[in-house]
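A.B. asks: Please see the structure below; I have some questions.
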Amino acid sequence: RNRQATLENEAIDIQQQAVRRDILLQAKLLCLDLIQLNQEKELIQIRMKNANDLQAMYEKRLQTGDANALEVNKVKMERMNVQTEVAQNNAAHRTALQTLLAMNGNLPLEFSATAYPQVKDINDYNTLRDEVIASDLDLQAMGYVARAAEKQVSVDKQNWLPKLQAGFRRNTDSEMSMNGFVIGGSIPLFSNRKKVQIAKAQAISAQLLKEDAQLEKENELMALYNEMKQLKQALDTYDVPLMHRSLALLKQALEEGQLSLIEYFVEAEGIYKNLQARMQLENQYQKVMANIYKNEL
């Protein structure tokens, strides 16, 4: 009974650790979203600076007759679009930060990070599976539950043993009162049969549930692993320094008159979209890795 109770307590302790892990994972995912929003904010600030520079340049050209009103309006429209993105970014950042503050007990908190934490390189799925399955808190808790159920079978079997009783008794049934020791016993032939059968069924059920849970965990891990590999391959196709150099060259070509305003906006918009797409991919990649290694939180 003592060993069975110890196993149940171990299961409860690990279940509490799993609840804590899930809360920490939720907080980490929020932090990853905030990092992406901070990165996007930096990119939007670059766009806003370019829009301000272009507006000043084309308003000056309009005064000298080197530009027309349509070009000036085009630059103003671009600046308004960037301002809209600034407002949307600020709103999303405020919402995510408020959620994180609520999880932190509404204590003051600032989050200005723009770089993701380093993650482990995964080279072999089998090694990863063994590592993750061994550290999974849910499976550990279910393992203790299954072992406790097995011990319960032993406990119920012990009740089949003869029960002996001994004591001191005063007998007053007859005319003469007598004191003496009483010794007796009972053999439970049928009273605990159902208890043992139920305990065995529960032990089998607990073991099957653990095996099913492990299979489900392995399937989930395989899906996360495949998603991680695809995201990593997609990320490797982006050359971020090249895209930033291209933006600088486009602006220079526009200022020198080698490129029309329409051509500039078409090319620049494509580069900005690629930079934002890469930010989204990196955010998804980091979230997948966080879910893979969630039991290390």
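A.B. asks: Considering only residues that are closer than 24 Å to Arg47 by Cα, in contact with a helix residue (DSSP H, G or I) (Cβ under 7 Å, 6 or more places away or on another chain) and not in a helix (DSSP H, G or I), which ones fall in region 250-297?
C.D. replies: Leu259
A.B. asks: I need a count of the residues in region 94-144 that are closer than 17 Å to Lys294 by Cβ and either in contact with a His (Cβ under 9 Å, 6 or more places away or on another chain) or among the β-branched types (Val, Ile, Thr) (or both).
C.D. replies: Keep residues of region 94-144 that are closer than 17 Å to Lys294 by Cβ, which gives 103, 116-120, 122, 128-142.
Okay, now just the ones that are also either in contact with a His (Cβ under 9 Å, 6 or more places away or on another chain) or among the β-branched types (Val, Ile, Thr) (or both), so 119, 122, 132-133.
Number of matching residues: 4.
A.B. asks: While we're here: Determine whether region 52-65 contains at least one residue that is part of a helix (DSSP H, G or I), open to solvent by 70 Å² or more (accessible area, probe 1.4 Å) and in contact (Cβ under 8 Å) with a residue 24 or more places away in the chain.
C.D. replies: No, the conditions are met nowhere in region 52-65.
A.B. asks: Residues in region 71-78: is at least one open to solvent by 80 Å² or more (accessible area, probe 1.4 Å) and acidic (Asp, Glu)?
C.D. replies: no
A.B. asks: Looking at Leu247, Leu221, Leu242, which one is in a helix (DSSP H, G or I), without any contact (Cβ under 8 Å) to a residue 12 or more places away in the chain and closer than 28 Å to Asp33 by Cβ? Before the answer, list the steps.
C.D. replies: On the way: Leu247 fails: without any contact (Cβ under 8 Å) to a residue 12 or more places away in the chain; Leu221 fails: without any contact (Cβ under 8 Å) to a residue 12 or more places away in the chain.
None of the other options fit; the residue is Leu242.
A.B. asks: Can you tell me which condition Ile262 does not meet? The list is (1) closer than 16 Å to Ile122 by Cβ; (2) in contact (Cβ under 8 Å) with a residue 60 or more places away in the chain; (3) open to solvent by 50 Å² or more (accessible area, probe 1.4 Å), and all the others hold.
C.D. replies: (1)
A.B. asks: Oh, and also: Please list, ordered by first then second residue, the pairs with beta carbon atoms under 7 Å, 6 or more apart or interchain, first in region 280-297 and in contact (Cβ under 8 Å) with a residue 12 or more places away in the chain, second outside any helix (DSSP H, G or I) and buried (at least 19 other Cβ atoms within 10 Å of the Cβ).
C.D. replies: Partner pairs satisfying both residue conditions: Asn295/Asp136.
A.B. asks: When you go through Ile12, Ile44 one by one, which is the residue that is surrounded by fewer than 18 Cβ atoms within 10 Å (Cβ to Cβ) and β-branched (Val, Ile, Thr)? Step through it out loud before you land on a result.
C.D. replies: Details: Ile44 fails: surrounded by fewer than 18 Cβ atoms within 10 Å (Cβ to Cβ).
After applying the criteria, what remains is Ile12.
A.B. asks: Restricting region 134-172 to residues that are within 31 Å of the chain's Cα centre (by Cα) and open to solvent by 30 Å² or more (accessible area, probe 1.4 Å), which is modelled with the lowest pLDDT?
C.D. replies: Arg147
A.B. asks: Would you say Gln26 is in a helix (DSSP H, G or I), open to solvent by 90 Å² or more (accessible area, probe 1.4 Å) and closer than 21 Å to Ile262 by Cα? Steps first, please.
C.D. replies: On the way: in a helix (DSSP H, G or I): yes; open to solvent by 90 Å² or more (accessible area, probe 1.4 Å): yes; closer than 21 Å to Ile262 by Cα: no.
In short, no.
The values are calculated or read from the model by the stated rules, or taken from the named source; none is laboratory data. Please read these numbers as outputs of a predicted model, since none were measured by experiment. Here Cβ is always computed from backbone atoms with ideal geometry, including for glycine, and neighbour counts include all displayed protein chains. What goes into the accessible areas is simple: the full protein's heavy atoms, side chains included, and nothing from ligands, DNA or RNA. Shrake-Rupley method; radii C 1.70, N 1.55, O 1.52, S 1.80 Å.
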